[in-house]
Amino acid sequence: MREEQQVKAARTRRSGEGDEERMNICNRLMKYAKEHLSKATWDYYAAGADECCTRDDNLLAYKRIRLRPRVLRDVSVSDTRTTVQGVQIGFPVGIAPTAFHCLAWHEGEVATARGEAPGPPPAFELRLSVTGAVTPPLPPPAATEALDTCYISSTYSTCSVEEIVAAAPGGYRWFQLYVYRDRELSEHMVRRVEALGYRALVLTVDVPFTGKRRDDIRNRFRLPPHLKIKNFEGLPQAAAAPEDYGIPSNTLDPSISWKDIHWLQSITQLPIIIKGILTKEDAELAVEHGVQGIIVSNHGGRQLDGGPATIDALTEIVDAVQGRMEVYLDGGIRTGSDVLKALALGAKCVFIGRPAVWGLAYKGEDGVREVLQILHDEFRLSMALSGCRNVAEINRNLIQCSKL
């Protein structure tokens, strides 16, 4: 009986029926997270600001974009590697900064860091089965060996920057930063991550105040008492009574302006990437102020409701920058085809937030690896079906402009 079951399982694998589990990965993991996380935690991760129009449009905007595939291009071998800030990564998808990972999985950001741990970059061969279906190479590489990418760790992590580095010492990491009222607090964080080998600073600029997140207000969301924002532990500022999200009170500075970019440049040699730009005017100012990159971001639709989807804002920012710095994007990425569309419109790399959290809630670092692996496989297939053999061949000619 056992032998019959093994034979049946082998036939299922060969026929592709067992691949159903790998389809619609983000939807499947999102459903799992909603069923297994507390309502307050689920709402914290899933909800947007006000009526959630911008959050929803981040996803819907990709469905409005149509591709122009090329054919007869010999895509038997494809290469998904690219570079960000001069560092090679396995494929152009990184992990965006999101807070409080211990709410989703007990190891929190430590597990996330291990889930994107590095290894040798991939150069994959696409093979065709007798049915014409594209199948993965044999043997398939482990996610940690093939999908080395960039993880932007959040200031508001429930694991410290030191713990994250210790968990994945070879990882390629940037650090997400706020400029606080007490500039010494910001400078202290910069010095810590510099000493730990973080490779860039990601300055979030779209939070002079926290957006109106109705579900969090309704749930009276608070960080549970057993969890802390570990990066603030032992600091004088942490002694202040925490605000709604467990953040020390009166830390965010609504007076932050472009002059603070110069201040930040004066205290660090790390590349500075500005996260939260949505207009060409601000993109031009970013160029004038000499930063090294922009992440086109609307904070996952959690700040200003009614702003543009990030993929809709991308083109004007890329055109304004004119290649003088790298442009990245987050928000709404759910499939490999979404990644292809963003790169075709000028993004150098994209970053995922909620999908990584859903994977983490599912099974920790293995869940994060699964999300990255499937996005990689989908992206590689979308490249091949569009006639692209490597990332350098992805350009705006792939986009059907009349549909934008």
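The values are calculated or read from the model by the stated rules, or taken from the named source; none is laboratory data. No experiment lies behind these values; they were computed from the predicted model shown. With ideal geometry, Cβ positions are generated from the backbone for all residues, glycine too; neighbour counts draw on all protein chains shown. Protein only, heavy atoms only, side chains kept; ligands, DNA and RNA dropped before computing areas. Shrake-Rupley method; radii C 1.70, N 1.55, O 1.52, S 1.80 Å.
The figures follow:
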quantity: Ranked by how many other beta carbons lie within 10 Å on average, peptides 60-67, 158-165, 294-301 from highest; calculated: 294-301, 158-165, 60-67
quantity: Label point distance in nm, Asn27-Glu233, each placed 7 Å from Cα along Cα→Cβ; calculated: 4.1
quantity: Extended-chain gain in nm, criterion 0.36 nm per residue less alpha-carbon gap, Gln88 and His188; calculated: 33.1 nm
quantity: Hypothetical label at Phe209: residues of segment 252-275 whose amide nitrogen lies under 15 Å (7 Å Cα-Cβ projection); calculated: 252-256
quantity: Residue-normalised accessible area of segment 23-403, expressed per residue, 1.4 Å probe, Å²; calculated: 42
quantity: Amide H contacts of Phe351 (H built 1.01 Å from N, under 5 Å, at least 5 apart or other chain); calculated: Gly94, Leu329, Asp330, Gly331
quantity: Segment Leu72-Trp258, length gained on full extension (0.36 nm per residue, minus Cα span); calculated: 62.1 nm
quantity: Segment Asp366-Arg396, extension gain: residue separation times 0.36 nm, minus the distance between their alpha carbons; calculated: 7.3 nm
quantity: Karplus (6.51, -1.76, 1.60) ³J(HN,Hα), θ = phi - 60°, over segment 46-59, in Hz, Gly and Pro reported as x; calculated: 8, 7, x, 7, 6, 8, 6, 5, 5, 4, 5, 5, 3, 7
quantity: Cα-based equivalent ellipsoid of segment 23-403: semi-axis lengths in Å, sorted from largest, via gyration tensor; calculated: 32, 23, 21
